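Here the structure is laid out as structure tokens; the discussion comes afterwards.
The values are calculated or read from the model by the stated rules, or taken from the named source; none is laboratory data. The structure displayed is predicted, hence computed values, not measured ones. Positions of Cβ are generated from backbone atoms using ideal geometry, with glycine treated the same way; all protein chains shown enter the neighbour counts.
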Amino acid sequence: MPETQTSEFRAESRYVRVSPQKARLVLDLIKGQRVEDALNTLTFTKKRIAEKVHKLLRSAVENANYLSTEKGVDVDVDNLYVKRAVANDGPRMKRIRPAPQGRAYRYQRRMSHIEIALAEKVRAERKAAPGGAEPAKGKKAARKAPAKKTAAKKK
């Protein structure tokens, strides 16, 4: 029986001016969701990075759409889901803030590289039970009646 390989469609945004920790908060919301649900989630998320992640997710969908039309890859865009969404560290910009008595405090402006990968959800076909045993039609499984509670006596 041949196995079908699912294609993976990626989109990557590099040097985004947000810390990876903040980006991961939004990316964790959409991991494993269908693309339509993920876009709705990002639309109503109040984080600043959500708009950039929304744009990146749309780009990944368009990559899948492009491959299905131009390259002849068989893709059903409605069955796509977010397979992987990661935010990795990018370079850090070192900055200096003036401090009292002529000193300087150093701090870092963080950047991140965000990657989203989509895959097509494969519907598993139902397989018959081994030995051809199927439940008989019309017969319902016998259920045990729930135990009755007795009322407490009042004195």
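Quick look at the numbers
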| item | result |
| --- | --- |
| Restricting the stretch 69-112 to residues that are of a type outside the set (A, V, I, L, M, F, W, C) and in contact with a Phe, Trp or Tyr (Cβ under 7 Å, 6 or more places away or on another chain), the residue that is surrounded by the fewest Cβ atoms within 10 Å (Cβ to Cβ) | 97 |
| Residue in the stretch 115-126 that is in a strand (DSSP E or B), of a type in the set (Asp, Glu), surrounded by 12 or more Cβ atoms within 10 Å (Cβ to Cβ) and modelled with pLDDT of 95 or more present | yes |
| Subset of the stretch 25-48 [of a type in the set (Val, Ile, Thr), free of Cβ contacts under 8 Å to residues at least 40 places away in the same chain and surrounded by 16 or more Cβ atoms within 10 Å (Cβ to Cβ)] | 26, 41, 45 |
| Hey, residue 105 among the hydroxyl-bearing types (Ser, Thr, Tyr) and either assigned to a strand (DSSP E or B) or touching a residue at least 60 places away in the same chain (Cβ under 8 Å) (or both) or not | yes |
| Criterion: out of contact with any helix residue (DSSP H, G or I) (no Cβ under 7 Å at 6 or more places or on another chain) and under 14 Å from residue 16 (Cβ atoms) - qualifying residue of 51, 62, 36, 70 | 51 |
| Tabulated pairs, the stretch 54-67, first in contact (Cβ under 8 Å) with a residue 24 or more places away in the chain, second among the aliphatic types (A, V, I, L, M) and surrounded by fewer than 19 Cβ atoms within 10 Å (Cβ to Cβ), C-beta under 7 angstrom, 6+ apart or interchain | 57/39; 61/77; 64/77; 67/73 |
| Selection count where residues are closer than 25 Å to residue 66 by Cα and touching a Ser or Thr at 6+ places or on another chain (Cβ under 8 Å), scope the stretch 17-39 | 2 |
| Test result for residue 104, closer than 17 Å to residue 13 by Cβ and at pLDDT 90 or above | no |
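This table checks each residue for (1) modelled with pLDDT of 95 or more; (2) of a type in the set (Asp, Glu).
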position	(1), (2)
5	no, no
21	yes, no
25	yes, no
28	yes, yes
39	yes, no
42	yes, no
58	yes, no
66	no, no
69	no, no
